[in-house]
Amino acid sequence: MPSVQDWIDNPLGVVDGMFAQNSSSPEWERKVVEYFKEKLKVNDAQSGVPSLNDIPLHYLKPNSLVKFRCMIQDMFDPEFFMGVYETVDPSTNSKVLRCGKYKDVTDCGIDFNSKNAVTSERQTFYCVPIPGESQWVKESYAGSSQARVVPSTSYTPNRHKRSYEEDDEMDTQPQQEKELTSGPKNDGTHRNMDSKRLETEAPNQNASPSHCSSNLDLNFPLPGEQGPACLVKVYEEWDGFKVNDMLEVFGILSVDPALSLMADDKEASSLLDPTESMETVEEQRAHSPPASLVPRIHMLYAQPLQHNNPLLPSAVSEDKGVFLSGILSELSSVRAELLAYLTHLFLGDALAAEYLIFHLISSVYARRDVLPLGKFALNVSGCPHTSPYTEQLYQVIQQLVPSSYRICMSLNNMNSQRMVPRKDYTANRLVSGTLQLASNTSLFLDETQLEQGQLDTTGVRNITALGNLISWQKVDYDFNYHQMEFPCNINVLIASEGRSLLPCDCQVHLRPALNPPNLEEYLKTVQLAQVPSQLNKYRVYLSAARSLDYSISDQMTKAVEEDFVEMRKDDPQSVSAEDLHRMLIVARLLSLSYGQTSLSRENWIKAKQMEMLRISRTQQQKCVNGNEP
């Protein structure tokens, strides 16, 4: 029924109605937010809200309620706006009090001398899609959407610039058509026809692809990323958000063409906000991009995301405990299946497969002074470089985790990539880099691509940044006159032939038990054998195991201490405090991998055995390769 959709199709109408009823009460703003929060909770209503991640901008109705799954890439300075203003009807001279919240452009006929006008403040976040988000994640979110959309014909003719989707449509058109026609069948044909009509008409808007994209850097952290960037306007409690936070934002979409005109017209924009006349051209361009490329979302509500796995409830959801208790009994059997799969990928090496599982479920759970607890950067050495082995290994990880990125550590890449974000004071923005990643992203470093040559200043800086990321789980952003430390939680896997030149928490050397005649065909066959339902089991397993709490009883702590003394009795040099620390990490991850939240005697013994086997294998490799460090 239309009335049910009012709060999605016309949220400003709801806001204006509540303002008209309660404008004298200071509580009206809180009531607006509570109204939308309650609506979103009922009967999975969130799935009925159109998402900017799935639907091209020109299919969305201006001033409707939308959602956006994103990462905060930058925060701009707070801005002032007319929170309450008064309009005058010239024919009757009557005055009406209006709400200026959740809007970029106000009504005509404003009485600028009104004593009832209220100037308010809001914060602007520059948000981008979650960097490195896997294709299966995007498809799963899009597939669960119940949003009904039709092309916004009222908006299309007024666009002055092409949206980013039209620039990328040649590559993504089949996927978009599939997603847009996968909704209710009764209007799917109509949408598909309109989709084709708009997509063929759009390029005739006197704009070549370079007209938009090359002139405006959307500041995505990773090269080749696609999707919308958005300016998110935040009205309450913006101090609770940080750069690099993952959010699902629910808000009112603003794509008024006047925004693009005012961005191009310096004089007009300075009338809108007198402080803007003090901005440089670069700053105005970065902070006021065309709305057809960078739409605005006026936030009503934002849900922090501790993970972006669509197969699990949100980590802040009340359902989390219920969900985890429901699948704990299955974790052990799924683990066995995943172990068998990874063992095949490691050519029969079950020990390497075990350590890869530990790595994939590791996460920084606390910080003690500067030391991040829970990280488990893994170096898989012995990887062949003569075949696309590492590339296929990364493809498998991409299929298992929600977000990932692969850096080929060739000399050219190290010397040319911008990894560390830096502050651009001319444009007053944070210029992104490949290490500006969301929490729990899997970073795959391919050292098999290394060749002889000289690292330049950029290369040395990049290697140093990677080392700091691995050791301290932090990236020092370059603010020109100083560095600012940004803590992170990124899983780093290093694939190499010999021992990695980067630090790591653990090195496991591959010892293949199989030697297939055609390695590439073998790996492809192993991957194809995994059906989507099986992959989904692995995806749920890894995210669930990572989110479990863990503890060690006093009894087990005492037993571990006694064990350590016993191990050092014959040879004090045989086991160091660092070795004990690593054994405890492995024991923790081993327990969690079975869905166990405390350390048992059996798991402690198994962890010790695995560590001894891994170390002996690494030492044997040092003897074989005398030049190994």
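The values are calculated or read from the model by the stated rules, or taken from the named source; none is laboratory data. Keep in mind the model is a prediction, meaning the values are calculated, not measured. All Cβ positions, even for glycine, are placed from backbone atoms using ideal geometry, and neighbour counts span all protein chains on display. Note: areas computed on protein heavy atoms with side chains; ligands, DNA, RNA excluded. Shrake-Rupley method; radii C 1.70, N 1.55, O 1.52, S 1.80 Å.
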> When the Karplus curve 6.51 cos²θ - 1.76 cosθ + 1.60 is applied with θ = phi - 60°, which whole-Hz ³J(HN,Hα) does each residue of the stretch 96-112 get, with x for Gly and Pro?
Replying inline: 10, 7, 10, 8, x, 6, 6, 9, 9, 10, 8, 6, 7, x, 6, 8, 6
> Can you pick out the pairs among Lys95/Lys233; Lys37/Lys138; Lys138/Lys375; Lys61/Lys474; Lys41/Lys537; Lys138/Lys606 whose Cα atoms lie more than 31 Å from each other?
Replying inline: Lys61/Lys474; Lys138/Lys606
> Using unit Cβ charges (K, R positive; D, E negative) and no other charged atoms, how large, in debye to the nearest 20, is the dipole of the stretch 490-567 about its Cα centre?
Replying inline: 540 debye
> Carbon and sulfur: what percent of the stretch 72-141's accessible surface (1.4 Å probe)?
Replying inline: 50 percent
> About its Cα centre, how strong a charge dipole does the stretch 354-511 have in debye, to the nearest 20, once Lys and Arg get +1 and Asp and Glu get -1 at the Cβ?
Replying inline: 360 debye
> Residues of the stretch 301-432: accessible area per residue at 1.4 Å, in Å²?
Replying inline: 38 Å²
> If you place +1 on the Cβ of every Lys and Arg, -1 on the Cβ of every Asp and Glu, and leave all else neutral, what size is the dipole of the stretch 70-136 about its Cα centre, to the nearest 20 Debye?
Replying inline: 280 debye
> Once the dipole of the stretch 43-111 is set up with Lys and Arg at +1 and Asp and Glu at -1 on Cβ about the Cα centre, which of Cys70, Cys108, Tyr59 lies farthest towards its positive end?
Replying inline: Tyr59
> Which whole-Hz ³J(HN,Hα) couplings does the stretch 478-490 yield from phi under the Karplus relation 6.51 cos²θ - 1.76 cosθ + 1.60, θ = phi - 60°, glycine and proline marked x?
Replying inline: 8, 9, 6, 8, 7, 10, 10, 7, 10, x, 9, 9, 10
> What list of ³J(HN,Hα) values in whole Hz, one per residue of the stretch 459-468 in order, does the Karplus curve 6.51 cos²θ - 1.76 cosθ + 1.60 (θ = phi - 60°) give from phi, with Gly and Pro shown as x?
Replying inline: x, 5, 5, 5, 5, 4, 5, 5, x, 5
> In square angstrom, what is the accessible area per residue of the stretch 471-629 with a 1.4 angstrom probe?
Replying inline: 54 Å²
>> Quick query: amide H of Lys423 versus all other amide H atoms, modeled in the peptide plane; which residues come in under 5 Å with a sequence gap of 5 or more or a different chain?
In response: Val431, Asp478, Phe479, Asn480
>> Tell me the relative contact order for the stretch 13-117 as a rounded percent, counting alpha carbon contacts under 8 Å between residues six or more apart.
In response: 20 percent
>> Could you compute how much accessible surface Arg511 exposes when probed at 1.4 Å, giving the result in Å² to the nearest 10?
In response: 110 Å²
